[in-house]
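See structure below.
The values are calculated or read from the model by the stated rules, or taken from the named source; none is laboratory data. For clarity, every value in this text was computed on a predicted model and none was experimentally measured. Cβ sites come from the backbone with ideal geometry, for glycine too, and all protein chains shown count toward neighbours.
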Amino acid sequence: MSPRRILLQTGNVMLFQSHGIWVHEKSNKELISSLKTNLLTNNITVKDIESTTKDQKNLIWVPQKQSTLLKEPEENYDITLKLFFLPRSSESELDLHVKEAIDAFRQVTGINRIGLVIVSFTGITFDADDDQSLLPSEAEISRWIRPWRVLQNLVKEGSIGDLGVSEFSIPRLTHFLSKVEIPPSVNQLNLRDCCVVPKNLILFAKERGIKLLTHNDCSNILPDEHLKEVLQTVGYQKTVWSKWVLKYSIVVRDRGVVENKGYRYLALVEEK
């Protein structure tokens, strides 16, 4: 029997500060804390997870009782998504994961156009000293290109504005740019191991119109053992593993205020 696929979500974490969740803490801690809080405050039970109707793809949507509707017209917001592919995601699944994640966000929020989608590939970390070191393999590049093609089509359709990558050094960017039709406009870097972006990367990005932004996300944002811990909060004991996590932020453009921020994630359940 194929594994059951369960989609869970945090709801708006901006509403959870009364539960001790602080929106400026590291994203993995924020994700785990807010998932637990959302399950408990919405009284999600094992029965909810077990009995929710499956769709034709064997996908279960766990009930979400917390409203995530926008308070203002959609055009008043800057909307950013970051999609984390996790270690258990095989290359053959990556294009499916992109579609699932984007559809999951739109179905709950009703948002039609997303300003920026950033992709975080598993196994990539940024090191200020590796800019001119080992080149990416053809297998790595192939893994990056497959989901990117799906995103390029969404840009062409007008439902996504810009695309971004995470942790790309100069060799990664050079080879990636030569293979894609629509280049990334953003490259996010985690500067936990250094405090200054390398000058040659700054010049490289500037010449190609790529913005360099910083973040504090973990590449493996939801390890399987943490997912198991989250679901055990409501007594769910089956074997589970993570496939992808989608982080989103919705900012009121004129005021620069984060009105809505949260996560969705896909889990597989091993049927016994």
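Overview of results
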{"item": "Residue count, the stretch 215-242 (criterion: over 11 Å from the mean Cα position of the chain (by Cα) and under 13 Å from Ser89 (Cβ atoms))", "result": "3"}
{"item": "So Lys211, is it touching a strand residue (DSSP E or B) at 6+ places or on another chain (Cβ under 9 Å), over 22 Å from Ser92 (Cα atoms) and basic (Lys, Arg)", "result": "yes"}
{"item": "Qualifying residue in the stretch 237-256 (condition: among the polar types (S, T, N, Q), closer than 22 Å to Ile102 by Cβ and touching a Ser or Thr at 6+ places or on another chain (Cβ under 6 Å))", "result": "yes"}
{"item": "Test: residue in the stretch 209-224 that is modelled with pLDDT of 90 or more, part of a loop (DSSP other than H, G, I, E, B) and not polar (S, T, N, Q)", "result": "yes"}
{"item": "Filtered residue count, the stretch 81-108, keeping only those that are of a type in the set (S, T, N, Q) and surrounded by 20 or more Cβ atoms within 10 Å (Cβ to Cβ)", "result": "1"}
{"item": "Test result for Ile79, outside any loop (DSSP other than H, G, I, E, B), touching a Leu at 6+ places or on another chain (Cβ under 8 Å), modelled with pLDDT of 80 or more and farther than 19 Å from Asn260 by Cα", "result": "no"}
{"item": "Long-range neighbours under 9 Å by Cβ, at least six apart or interchain, first residue on the phi > 0 side of the Ramachandran plot and in contact (Cβ under 8 Å) with a residue 40 or more places away in the chain within the stretch 148-172, second aliphatic (A, V, I, L, M) and part of a strand (DSSP E or B)", "result": "Glu167/Leu189"}
{"item": "Among the residues listed as Leu246, Leu227, the single one being under 28 Å from Glu75 (Cα atoms) and out of contact with any Gly (no Cβ under 6 Å at 6 or more places or on another chain)", "result": "Leu246"}
{"item": "Options Ala104, Ala139: the member that is part of a helix (DSSP H, G or I) and touching a helix residue (DSSP H, G or I) at 6+ places or on another chain (Cβ under 9 Å)", "result": "Ala139"}
{"item": "Residue selected from the stretch 249-272 under the condition in contact with a helix residue (DSSP H, G or I) (Cβ under 7 Å, 6 or more places away or on another chain) and hydrophobic (A, V, I, L, M, F, W, C), by the criterion farthest from Asp78 (Cα to Cα)", "result": "Ala267"}
{"item": "Count of the stretch 175-208 residues which are surrounded by fewer than 20 Cβ atoms within 10 Å (Cβ to Cβ), more than 24 Å from the chain's Cα centre (by Cα) and not in a loop (DSSP other than H, G, I, E, B)", "result": "7"}
